[in-house]
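I have placed the structure first, in the form of structure tokens, so that the comments after it can refer back to it.
The values are calculated or read from the model by the stated rules, or taken from the named source; none is laboratory data. Computed from a predicted model, the values in this text were never measured in an experiment. Cβ placement follows ideal geometry from the backbone for every residue including glycine, while neighbour counts extend to all protein chains displayed. The accessibility values were calculated without ligands, DNA or RNA, using every heavy atom of the protein model including side chains. Shrake-Rupley method; radii C 1.70, N 1.55, O 1.52, S 1.80 Å.
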Amino acid sequence: MSLIAAGGVFVVGVISYNKWQEYKLKKRVERAFDGQHDDVLMRTDDGVRAEPRFHLDDVPMPDAGSGAYGVPEHVGGHVGNVAAPNIAPDSDEPGLPIRTADAGVPAEELATCLVDPLIDCLLPLELEAPARGEKLLPALQKLRFVGNKPIHFIGLAVSGDWEPVRHGVVYTKLQGGVQLASRSTALNELEYSELVTRLRSVSDEIGAEPQIPDMIEVMQDAKNLHRFVANHDAQLGVNLASNGAPWNIATLLGALEKLGFDVRPDGRYAMPDGEGGYLFSLSTNVTLAEETTSRLTLLLDVPCVAPARDGFGSMIGCAKNLMVRLDATIVDDANQPLADETLASIAGQVREFYDDMAASDIPAGSTRALRLFS
């Protein structure tokens, strides 16, 4: 009876498999003869087939143990152990809003920002036939996140350029990318398994064959990258303590707006950098229901501000301005006054922190850094 039951299961399995293969073949045949393909657009005006000029596969991948993913030996504690203002890895403070790519950025550069070999797991998709962007986008938009990790797709246009997939353009290949790590977590096995399942479904829908990377290698890359993020997730704060009576909130906020601060949805204030981003934020340390406060905190999200913008210098300059206007003292978290010599020493350590990030090919304030530390 056991053999008969096993044989029945086997027969049902074979029949089911054959039906599935028959269904897939039918769908491919329907796509092949639906009359929607624009093969003529695969050719240039002189009739010569347009070959791709750039492919992300040609970009060398970093050695996970020695370079771009490697963790600098001295950064994690070198800045993080400053006794004065709190540069604190794994801070619970929300990061400042990040700038998006400029509209004038060349298509290939924007494509590399979206699918980056250094911080993304690359997912090549071979299209069975050229396809228009408007046919691809509805399916691709179904796969935008796995867990909290963003997924982006770019396409190889018939012009030979890689670019974000858009309407009105015919593509011959696609390249997907899932971000390997974020501020909170690394891509894990469950998320990757979900990604593979959903990617295969999307590939069937658009008529593509995905190339799935080895899970073990992807998990190792994700852990290495997350280790780098954790060791560079630094936020630097200084405080202003009132020398007399607490400040009236309404009067204080009016003064902050005059200094150029923008109010954020979470109630904190942020100093814009003039190009759509922020240099540092300010918190009153009280709820919106309070009428007074005796302490302000200025906070710099170190990896999200480029060294050229001198976020730390701007923050200290603003703190000194407020110190005079509000009759306050610049103090650390232990309420100890911060002398100019201490602040200058910290500025030097911040510069070393930035050098370490640049040496790892993830410069502070860059698109890579903003993606990883968002």
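Over all distinct Cα-Cα pairs of segment 148-189, the Kirkwood formula returns a hydrodynamic radius of 11.8 Å. For a modelled paramagnetic label at Met215, 7 Å from Cα along Cα-to-Cβ, no residue of segment 141-156 is in reach, as no backbone nitrogen comes under 15 Å. Between Asn148 and Glu205, the C-beta separation translates, for a Förster distance of 30 Å, into a calculated FRET efficiency of about 0.80. Taking every pair of distinct Cα atoms and averaging 1/r, then inverting, what Kirkwood hydrodynamic radius in Å comes out for segment 305-374? Computed over segment 305-374, the radius equals 13.7 Å. Taking only the C-alpha atoms of segment 156-291, Rg followed by Dmax gives 23.8, 71 Å. Applying 1/(1 + (r/R0)^6) with R0 = 51 Å to the Cβ-Cβ distance of Glu126 and Gln336, what FRET efficiency is obtained, to the nearest 0.05? With R0 = 51 Å, the Cβ-Cβ based efficiency is 0.25.
Ignoring ligands, DNA and RNA, what percent of the 1.4 Å accessible area of segment 155-287 is carbon and sulfur? Result for segment 155-287: 53 percent of the exposed heavy-atom area is carbon or sulfur.
Accessible surface calculations at 1.4 Å, restricted to protein heavy atoms, place segment 235-374 at 45 Å² per residue. Taking label points 7 Å from Cα along the Cα-to-Cβ direction, Gln141 and Asn248 give a separation of 5.1 nm.
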